[in-house]
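What follows is a single structure, written as structure tokens, with notes after it.
The values are calculated or read from the model by the stated rules, or taken from the named source; none is laboratory data. Given the structure is predicted, the values throughout are model-derived calculations rather than measurements. We place every Cβ from the backbone using ideal geometry, glycine too, and count neighbours over all the protein chains shown. Surface accessibility is based on the protein's heavy atoms, side chains included, excluding ligands, DNA and RNA. Shrake-Rupley method; radii C 1.70, N 1.55, O 1.52, S 1.80 Å.
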Amino acid sequence: MSAVAASSHEWDLDFFFPGPDSPELASAKASLFKAVDAFENTLSSPTVESALTSLASVTEQFTTIYGYLYCLVSVDTRNEAALSQQSEMDALYSRLTELQTRFAAWVGTLDVEAEIAASSLAAENAYPLRRMKFKAAHLMSPAEESLASSLAPSSTMAWGKLYDTFSSQIEIDFEGKKVGMASLRNIAYDANRDRRRHAYEAELAAWKLNEVPIAAAMNGIKGVVNTLTERRGWKSALEQAAWENGIDEATLDAMMTAAHEAFPDFRRYLNAKAKAIGVEKLEFYDLFAPLPSDESIWSVERGCDFVAEQFDSFSTKMGDFARRSYAENWIDFPPKLGKVGGAYCDTLRNEISRILMNYDGSFNNVKTLAHELGHAYHSLCLSTKPILLRNIPSTLAETASIFCETIVKNAALKQFEGQSRLALLEACIMGPCQTVVDITSRYIFEKSAFEGRKSRDMSASELCGAMQDAQKQTYGDALASYHPFMWAAKPHYYSESSFYNFPYMFGLLFALGLYKIYGANPDEFKAKYDELLANSGTADAPTLCAGFGIDTRSVEFWRGSLDVIREDITAFESAV
């Protein structure tokens, strides 16, 4: 019997609150506002212990309320009641950001090491305190920081909200009916090439028709970030992003060097795929084309069961956790009009998460399910730590997700044979190709967008040109065409967090490195794995990686991880 046979394909949010206008949510919000007031009062005459205690209380309450509202809006961006409540929380978030900045500025005046030595609570939160000390050196004056926080709902957050709301409500006439952008883009995985081409052409036309407000959002958010990073004394938004993601530029440079070296290998894969589907050269709309296979559609039930069974092969704890998520309806599977595209996992309370997907029955979606459940499992391990130590950089946030995805991928490759195995092998190279090649193109594009925005707004046509140039540098001549509007299709560009691209590559290659260690000594690795996840908020990535004997500043480590992918590419090329 399927693990989800008796469950809905939509998530249960009533577990948290009955609705956005419910008395229960109103009461929780009142408690949160009181906690924020208490935190502000504490900062008028703080001690490290009182401020940490108060901040922890605020963080715990805010995480649940904001996460609940975000889930409501992301599954239906036309939900006016949830949007209204979210707007109120955005304003509170700005106030909370200002208070946290004040706390960091105050920590910057302290002898932090002495505080850590003198207090067990400070020692427990040593890493966040040390980061606050560093951050204090990159702060504007208190008045300027207060103004920046107050303006956030009308600047960075507003541009991001505009993008999410506007792009999710674009309606496209396709095959005689109106569809949303997420549903249209999912056709990229369709086996019918004409259908993929028509969907791609319809997508480009829709982006073109709606390019002006989306370009405004891009220019708006990049302009704000440029101004603030300069005023705060960062060399660039990239330098700040690297620090926020818990790595240094030496690590980033080493990883990017290895990625560029691997582009010819990925082009070998793309050329082999072109041969496999019977075309001279791939068009952009062929990137996600499935190879012929005698495998049937992966229903939600089949996908869920397969993921849980493979998780069992690593540990029953992981498998049982997946089944718990199904039984308690943590996951919203179907694509629909008004629902944001892509997939995410958001942890709302302790170890309890909610996962959004746009499940279409492809094996790629099964891997995505494993990926998002990996994030949820990471939160399960983190829940043993104080809440301020659960704030992990995006680089390490991808560790469990990609590790779990790899477990499922390798299991599938072992179980299937012939054409089915070839199709799965190709699908499993497709993901790393996106994570290394396409992610690098997005990284290159974002660098150019920040640079171009320093002098003036970039027009939609200039953004398209920059995107195509970045794709030419990465995909090279392996594609006959490129996607000029990828800057409009990817929501990460419209987040307050800049360069939300390279952390995915770090996560993939780090997880592959960990998987190699797991294969060499499974029992010893399993004993340390959950501990690594639980401690991922207690140190930066290079420090934690060193605990597994990994030097993230060495190009050789990243080359070794890419060798795992090269082996798959060679096997695929040979089979084709």
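Within the stretch 287-343, work out how many residues are of a type in the set (S, T, N, Q) and within 19 Å of Ala191 (Cα to Cα). Give the derivation first.
To start, the set of residues in the stretch 287-343 that are of a type in the set (S, T, N, Q) comprises 293, 296, 299, 310, 313, 315-316, 325, 329.
This time we only want the ones that are within 19 Å of Ala191 (Cα to Cα), so: 293, 296, 299.
Count: 3.
If I ask for residues that are open to solvent by 30 Å² or more (accessible area, probe 1.4 Å) and either closer than 22 Å to Tyr493 by Cβ or without any contact (Cβ under 8 Å) to a residue 40 or more places away in the chain (or both), which ones from the stretch 172-189 would you list?
Asp173, Glu175, Gly176, Lys177, Ser183, Arg185, Asn186
Table: residues versus (1) charged (D, E, K, R); (2) under 26 Å from Arg193 (Cβ atoms).
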residue	(1), (2)
Pro292	no, yes
Gly303	no, yes
Val307	no, no
Thr316	no, no
Glu328	yes, no
Leu348	no, no
Gly361	no, yes
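If I filter the stretch 456-468 down to residues being touching a helix residue (DSSP H, G or I) at 6+ places or on another chain (Cβ under 6 Å) and either open to solvent by 10 Å² or more (accessible area, probe 1.4 Å) or assigned to a loop (DSSP other than H, G, I, E, B) (or both), which single residue comes out as nearest to Thr165 (Cα to Cα)?
Result: Ala460.
On the basis of being at positive phi and either under 16 Å from the mean Cα position of the chain (by Cα) or crowded, with 18+ Cβ neighbours inside 10 Å (or both), does Phe499 make the cut?
In short, yes.
Among residues belonging to the stretch 334-357 that are assigned to a loop (DSSP other than H, G, I, E, B) and open to solvent by less than 10 Å² (accessible area, probe 1.4 Å), point out the one that is farthest from His9 (Cα to Cα). Please lay out each step first, then the result.
Taking the stretch 334-357 as the starting set, the residues that turn out to be assigned to a loop (DSSP other than H, G, I, E, B) are 334-343, 350-351, 357.
Next, from what is left, pick out any that are open to solvent by less than 10 Å² (accessible area, probe 1.4 Å): 338-339, 357.
Working: Gly338: 17, Lys339: 14, Met357: 10 Å.
The extreme case among them is Gly338.
Sort out which residues of the stretch 145-184 are within 21 Å of Leu228 (Cα to Cα) and over 23 Å from the mean Cα position of the chain (by Cα), and write them in order of number.
Selection gives Glu145, Ser146, Leu147, Ala148, Ser149, Ser150, Leu151, Ser154.
Starting from residues that are touching a helix residue (DSSP H, G or I) at 6+ places or on another chain (Cβ under 7 Å) and not in a helix (DSSP H, G or I), keep the ones in the stretch 154-174 and report whichever is nearest to Gly223 (Cα to Cα).
Step by step, filter the stretch 154-174, then rank; the result is Ser155.
Which one is modelled with the highest pLDDT, of the residues in the stretch 133-188 that are among the polar types (S, T, N, Q) and in contact with a strand residue (DSSP E or B) (Cβ under 8 Å, 6 or more places away or on another chain)? Can you show your working first?
Here is the first cut: in the stretch 133-188, the residues among the polar types (S, T, N, Q) are 141, 146, 149-150, 154-156, 165, 167-169, 183, 186.
Checking the rest, the ones that are also in contact with a strand residue (DSSP E or B) (Cβ under 8 Å, 6 or more places away or on another chain) come to 168-169.
Working: Ser168: 89, Gln169: 92.
Step by step, filter the stretch 133-188, then rank; the result is Gln169.
Among residues belonging to the stretch 285-303 that are open to solvent by 40 Å² or more (accessible area, probe 1.4 Å) and among the acidic types (Asp, Glu), point out the one that is farthest from His483 (Cα to Cα).
Looking at the filtered set, the residue picked out is Glu301.
Residue-by-condition table, conditions (1) out of contact with any Phe, Trp or Tyr (no Cβ under 6 Å at 6 or more places or on another chain); (2) modelled with pLDDT under 95; (3) small (Gly, Ala, Ser); (4) outside any helix (DSSP H, G or I):
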{"position": "Ala412", "(1), (2), (3), (4)": "yes, yes, yes, no"}
{"position": "Tyr443", "(1), (2), (3), (4)": "no, no, no, no"}
{"position": "Ala449", "(1), (2), (3), (4)": "yes, no, yes, no"}
{"position": "Ala470", "(1), (2), (3), (4)": "no, no, yes, no"}
{"position": "Ala488", "(1), (2), (3), (4)": "no, no, yes, no"}
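Tell me the helices (runs of 4 or more DSSP H) entirely within the stretch 20-108 that contain at least 3 residues that are within 21 Å of Asn350 (Cβ to Cβ), at pLDDT 95 or above and within 27 Å of the chain's Cα centre (by Cα).
48-75
Tell me whether the stretch 304-311 contains one or more residues that are more than 23 Å from the chain's Cα centre (by Cα), closer than 23 Å to Glu10 by Cβ and either without any contact (Cβ under 8 Å) to a residue 40 or more places away in the chain or open to solvent by 60 Å² or more (accessible area, probe 1.4 Å) (or both).
No - not one qualifying residue is present in the stretch 304-311.
Looking only at the stretch 358-395, which residues are among the basic types (Lys, Arg) and open to solvent by 10 Å² or more (accessible area, probe 1.4 Å)?
Of everything in the stretch 358-395, those that are among the basic types (Lys, Arg) and open to solvent by 10 Å² or more (accessible area, probe 1.4 Å) turn out to be Lys385, Arg390.
Has the stretch 112-121 got any residue that is modelled with pLDDT of 95 or more, of a type outside the set (S, T, N, Q) and outside any helix (DSSP H, G or I)?
no
Step by step: first the residues of the stretch 528-554, then only those that are open to solvent by less than 20 Å² (accessible area, probe 1.4 Å) and of a type in the set (Val, Ile, Thr), then the one that is nearest to His260 (Cα to Cα). Which residue is that?
Thr552
As an exercise: evaluate Asn271 against (1) closer than 30 Å to Arg130 by Cα; (2) polar (S, T, N, Q); (3) open to solvent by 50 Å² or more (accessible area, probe 1.4 Å) and give the number of the one condition it does not meet.
(1)
Select, from Phe485, Phe557, Phe525, Phe506, the only residue that is open to solvent by less than 10 Å² (accessible area, probe 1.4 Å) and in contact (Cβ under 8 Å) with a residue 12 or more places away in the chain.
So the residue among Phe485, Phe557, Phe525, Phe506 that is open to solvent by less than 10 Å² (accessible area, probe 1.4 Å) and in contact (Cβ under 8 Å) with a residue 12 or more places away in the chain is Phe506.
Return a yes/no flag: does the stretch 62-80 have any residue that is of a type in the set (Ser, Thr, Tyr) and over 25 Å from Ile331 (Cα atoms). Walk me through how you get there before you give the answer.
To start, the set of residues in the stretch 62-80 that are of a type in the set (Ser, Thr, Tyr) comprises 63-64, 66, 68, 70, 74, 77.
Keeping just the survivors that are over 25 Å from Ile331 (Cα atoms) gives none.
Checking the stretch 62-80: not a single residue is of a type in the set (Ser, Thr, Tyr) and over 25 Å from Ile331 (Cα atoms).
Scan the stretch 215-250 for residues that are open to solvent by 30 Å² or more (accessible area, probe 1.4 Å) and either touching a strand residue (DSSP E or B) at 6+ places or on another chain (Cβ under 8 Å) or outside any helix (DSSP H, G or I) (or both) and jot them down.
Residues satisfying the conditions are Arg232, Gly233, Lys235, Ser236, Asp248.
Do any residues in the stretch 80-97 that are open to solvent by less than 10 Å² (accessible area, probe 1.4 Å) have Cβ atoms under 8 Å from those of residues that are outside any helix (DSSP H, G or I), where the two are at least six apart or on different chains, and which pairs are they?
Partner pairs satisfying both residue conditions: Ala82/Pro20; Ala82/Asp76.
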